[in-house]
Amino acid sequence: MKQTFITFEGPEGSGKTSVIKSVAAMLKEAGHDVLTTREPGGVAIAEQIRHVMLDVDNEAMDAKTEALLFAASRRQHVVEVILPALKQGKIVICDRYVDSSLAYQGVGRGLGIDTVFSLNQFAIGDCMQNLTLFIDVPPTTGLNRVQTNGRHMDRLDLESLSFHERVYKGYRTLIERYQERIKVIDGTQSIDEVVEKALSHIRSIVG
Ligand code: TYD
């Protein structure tokens with residue numbers, strides 16, 4: 001059966017959460033059955049893992065521990081939320097997925113894209129997305145947006161600018177590597193323009 005699993009990626013403050021909201025509303029209006037989710041997806045076990053991961057007091061967390069926890073949380077989300085929705089034929093839209101681990105833990109933390117990918121393959125099996133939309137904003141622009149909108153800063157938001165620059169470089173490597181799957185949208189445009197571009201990519205796979 002054909003599945004439609006779409007993920008959104010981007011640096012901090014790329015605006016993907018607002019874009020996903022509008023995109024999902026428009027797809028629903030057009031008659032599609034859509035599930036939007038984000039890790040940890042409201043799944044109790046994954047929420048508990050997330051709490052440990054993002055707690056600003058956990059300064060001692062090792063990079064491999066961090067990668068394993070993201071993968072563990074993802075596994076629970078896949079099993080409880082994503083796979084059941086795909087089985088029901090829904091379009092699933094997820095705010096961040098495996099590519100976040102490849103960029104943040106693989107490149108940002110320096111564990112290596114291939115190492116983090118194999119770890120994630122153990123977690124997700126063949127539950128890979130068909131399309132990834134990368135909302136592109138330079139890391140400094142994104143971080144400024146996060147700081148000025150007064151959002152709570154988690155352990156990763158508080159990382160240095162050089163960490164976020166490495167993450168961004170990681171995303172650029174993934175875009176090169178997975179050109180078929182990852183489409184880039186300029187996130188410095190107006191939200192309406194970003195939403196329109198995202199919809200046109202999605203329409204090309206849902207018909
Ligand atoms: P999230 O709360 O989704 O933040 P945002 O609003 O920026 O999307 O994600 C929390 C942080 O966790 C964010 O800094 C990105 C990071 N992260 C990873 O490092 N690895 C991962 O696999 C995921 C999903 C997120």
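Where a number appears in this text, it was derived from the coordinates with a stated rule and is not lab data. Because the structure is a prediction, the values reported are computed rather than measured. Note: ideal-geometry Cβ built from the backbone for every residue, glycine included; neighbour counts use all protein chains shown.
For segment 73-136, the convex hull drawn through the C-alpha positions has a volume of 89 cubic angstrom per residue. The peptide list 132-139, 25-32, put in order of mean Cβ contacts within 10 Å with the highest first, becomes 132-139, 25-32.
Magnitude of the charge dipole for the chain, about its Cα centre and with charges confined to Cβ atoms of Lys, Arg (+1) and Asp, Glu (-1), is about 500 debye. Put in line by how crowded their Cβ is, counting other Cβ atoms within 10 Å and starting with the fewest, Arg203, Arg50 read Arg203, Arg50.
Panel order for Asp186, Asp126, by other beta carbons found within 10 Å of each beta carbon, from fewest to most: Asp126, Asp186. Evaluated over segment 4-206, the count of Lys pairs having alpha-carbon atoms less than 24 Å apart is 19 (only pairs 8 or more residues apart or interchain). Considering only Ile82, Ile191, Ile20, the Gaussian network model of the chain with Cα springs below 10 Å gives its largest mean-square fluctuation to Ile191. Computed over the chain, the per-residue total of -39500 (n - 2.57) for DSSP H runs of n ≥ 4 gives a 222 nm mean residue ellipticity of -15500 deg cm²/dmol, rounded to 500.
For GluC sites (Glu not before Pro), the sites in segment 97-198 that DSSP calls loop and that have at most 11 other Cβ atoms within 10 Å are Glu180. If I model a spin label as a point 7 Å beyond the Cα along the Cα-Cβ vector, how far apart are those points for Ala60 and Asp154 in nm? Reported label-point gap for Ala60 and Asp154 is 2.2 nm. Taking label positions 7 Å along the Cα-Cβ direction at both Phe122 and Tyr178, the computed distance is 2.0 nm, reported to one decimal.
Can you compute the FRET efficiency between Ser200 and Thr141 using 1/(1 + (r/R0)^6), with r the Cβ-Cβ distance and R0 = 25 Å? Round to the nearest 0.05. Write down the numbers at each step before the final one.
Numbers: r = 24 Å, r/R0 = 0.94.
That pair, Ser200 with Thr141, gives E of 0.60.
Taken over segment 4-206, the percentage of Cα pairs per 5 Å bin, counting from 0 up to the bin with the maximum distance, is 1, 7, 16, 20, 22, 18, 11, 4, 1, 0.
When the Cα centres of segment 165-207 and segment 31-79 are compared, how far apart do they sit, in Å? Distance between centres, Cα-based: 23 Å.
Using the Cβ-Cβ distance between Asp186 and Ser162 with R0 set to 22 Å, the FRET efficiency works out to roughly 0.40.
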